Amino acid sequence: MTTYLPPEVQAGLDAARRLARRKATRLRVEAGERSYPVLRAWDGGFALEAETAPHLRGRVALYDGARLLSHCLIIASEEEEGELRFEYKRITEAHDTQPLDFYRAPDAPIALLGPVREV
């Protein structure tokens, strides 16, 4: 039994595999005004499609759908099998709330209520 596939069939299978990976992830990277879908991500970096992504360097924002996950400093590390891999130099997690410049006690009141006036 042979495992040979004609080049046209192999190219079609590779294209279908890339399309399925692109649709399966919600992660994307924004650099300036441009946005690129992330093929896969790991602790030390992420991979973009080599055909559409430039060799990015510097500050980018990593999103999961519309939610900002982090701001990252990145460098392009290698290109292999149609993927352009990037490594994090620094990653800063995004938070939903503003940081406080003072200590807030866990049992502190949420708001102060004034005297109740009768109408």
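The values are calculated or read from the model by the stated rules, or taken from the named source; none is laboratory data. Because the structure is a prediction, the values reported are computed rather than measured. Neighbour counts run over all protein chains shown; Cβ positions are idealised from the backbone, glycine included.
Here are the numbers:
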read-out	value
Test: residue in segment 47-62 that is touching a strand residue (DSSP E or B) at 6+ places or on another chain (Cβ under 9 Å), loosely packed, with under 10 Cβ neighbours inside 10 Å and without any contact (Cβ under 8 Å) to a residue 24 or more places away in the chain	no
Flag for residue 78 being without any contact (Cβ under 8 Å) to a residue 12 or more places away in the chain, part of a strand (DSSP E or B) and not aromatic (Phe, Trp, Tyr)	yes
Answer residue from segment 41-75, given it is of a type in the set (A, V, I, L, M) and in a loop (DSSP other than H, G, I, E, B) and is farthest from the chain's Cα centre (by Cα) among those	50
Search result, residues across segment 1-29 that are surrounded by 14 or more Cβ atoms within 10 Å (Cβ to Cβ) and either within 17 Å of residue 69 (Cα to Cα) or modelled with pLDDT of 85 or more (or both)	25, 27, 28, 29
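For (1) among the basic types (Lys, Arg); (2) modelled with pLDDT of 90 or more; (3) under 22 Å from residue 14 (Cβ atoms), each residue gets a yes or a no:
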position: 45; (1), (2), (3): no, yes, no
position: 53; (1), (2), (3): no, no, yes
position: 62; (1), (2), (3): no, yes, no
position: 66; (1), (2), (3): no, no, no
position: 84; (1), (2), (3): no, yes, yes
position: 89; (1), (2), (3): yes, yes, no
position: 96; (1), (2), (3): no, no, no
position: 100; (1), (2), (3): no, no, no
position: 104; (1), (2), (3): yes, no, no
